[in-house]
Amino acid sequence: MAIEFNHLYITLNPETLESIAKSEFIDQQFCTMSTDTVKTDAESWTGTYLRGKNAYVELFPPGGAEGLKEGFSGLGFNSPQAGEIDIVKEKLRSFLKSPEILSYLQVRQTEVGQVPWFHYLSINPAAREAFASWLMEFHQDYLDYKNIKLTSGGCFDRAAYLKDLNTSETCLFTIALLLFPLIPIFKLVISCPGIKLPQFLTSNKIPFLIISPIAAFID
């Protein structure tokens, strides 16, 4: 079983977010960027999306989604094959010795009505915290709605999913790795060979608190 990194979200101060949104380098050379509103059957949020070759970054202002404050962040993972999320759920229950695991089906509002989107799993409480991590398993109904085919091995096809999000064919942006030092801070490492990045993309001024038990079960 292999769990994949899907995306991360970061809540930035309005000035930093405005600088990113107005950056010609990001919009024209670095990656596909858009501001989108997502609606589910229970809530909605508006974010700025930086879409890369293998993942994407979701940027919010404080209040961009209910309960978000500056500095709040999170990591989302996805399971490639149907049923793997249930395996992780049972492992978490066994590891934590507690049934208190948040699990539900996320339903998305679309132009054709409500469509089951993905199964959600997290040990974070329902209320927003400074850091969140969760696992998603995309529902077959949503893949059918988006006309996203599974791979020959029956796995979720991330390349097809990102292509559906209108990611540029010439996108330079890829998430190379996430560093997890022993102090409670992680740093996003952006890979863009041969290109000098704007200062706000390489700044150390934005720390992210992180504890990610889900990542312990990726093997």
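The values are calculated or read from the model by the stated rules, or taken from the named source; none is laboratory data. Since we're looking at a predicted model, the values are computed, not measured. Neighbour counts run over all protein chains shown; Cβ positions are idealised from the backbone, glycine included.
Remarks
- Qualifying residue in the stretch 63-79 (condition: in contact (Cβ under 8 Å) with a residue 40 or more places away in the chain and over 30 Å from Glu18 (Cα atoms)): yes
- The conditions of being at pLDDT 80 or above and not in a strand (DSSP E or B) are met by Asn147.
- Any chance Ser103 is closer than 16 Å to His7 by Cα and either without any contact (Cβ under 8 Å) to a residue 40 or more places away in the chain or not acidic (Asp, Glu) (or both): no
- Taking the conditions (1) among the hydroxyl-bearing types (Ser, Thr, Tyr); (2) surrounded by 13 or more Cβ atoms within 10 Å (Cβ to Cβ); (3) outside any strand (DSSP E or B) in turn, Tyr9 satisfies each one other than (3).
Rundown of residues vs (1) farther than 22 Å from Gly76 by Cα; (2) aliphatic (A, V, I, L, M); (3) surrounded by 13 or more Cβ atoms within 10 Å (Cβ to Cβ); (4) out of contact with any Leu (no Cβ under 8 Å at 6 or more places or on another chain), yes/no style:
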position	(1), (2), (3), (4)
Ala2	no, yes, no, yes
Phe5	no, no, yes, no
Glu15	yes, no, no, yes
Ile26	yes, yes, yes, no
Thr32	no, no, yes, no
Thr37	no, no, no, yes
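- Hey, Arg108 in contact (Cβ under 8 Å) with a residue 60 or more places away in the chain and either surrounded by 15 or more Cβ atoms within 10 Å (Cβ to Cβ) or farther than 12 Å from Thr11 by Cβ (or both) or not: yes
- Some residue of the stretch 173-183 being assigned to a helix (DSSP H, G or I) and either modelled with pLDDT of 90 or more or within 16 Å of the chain's Cα centre (by Cα) (or both): no
- Here Leu188 meets the list (1) in a loop (DSSP other than H, G, I, E, B); (2) modelled with pLDDT under 50 almost entirely, failing just condition (1).
- Test: residue in the stretch 69-84 that is modelled with pLDDT under 90, buried (at least 20 other Cβ atoms within 10 Å of the Cβ), part of a loop (DSSP other than H, G, I, E, B) and at negative phi: no
- The one condition in (1) touching a Leu at 6+ places or on another chain (Cβ under 9 Å); (2) of a type in the set (D, E, K, R); (3) modelled with pLDDT of 90 or more; (4) not in a strand (DSSP E or B) that Glu58 fails to fulfil: (4)
- Some residue of the stretch 12-24 being assigned to a helix (DSSP H, G or I) and under 26 Å from Val115 (Cβ atoms): no
- Residue in the stretch 129-141 that is closer than 20 Å to Glu4 by Cβ, in a helix (DSSP H, G or I) and touching a residue at least 12 places away in the same chain (Cβ under 8 Å) present: yes
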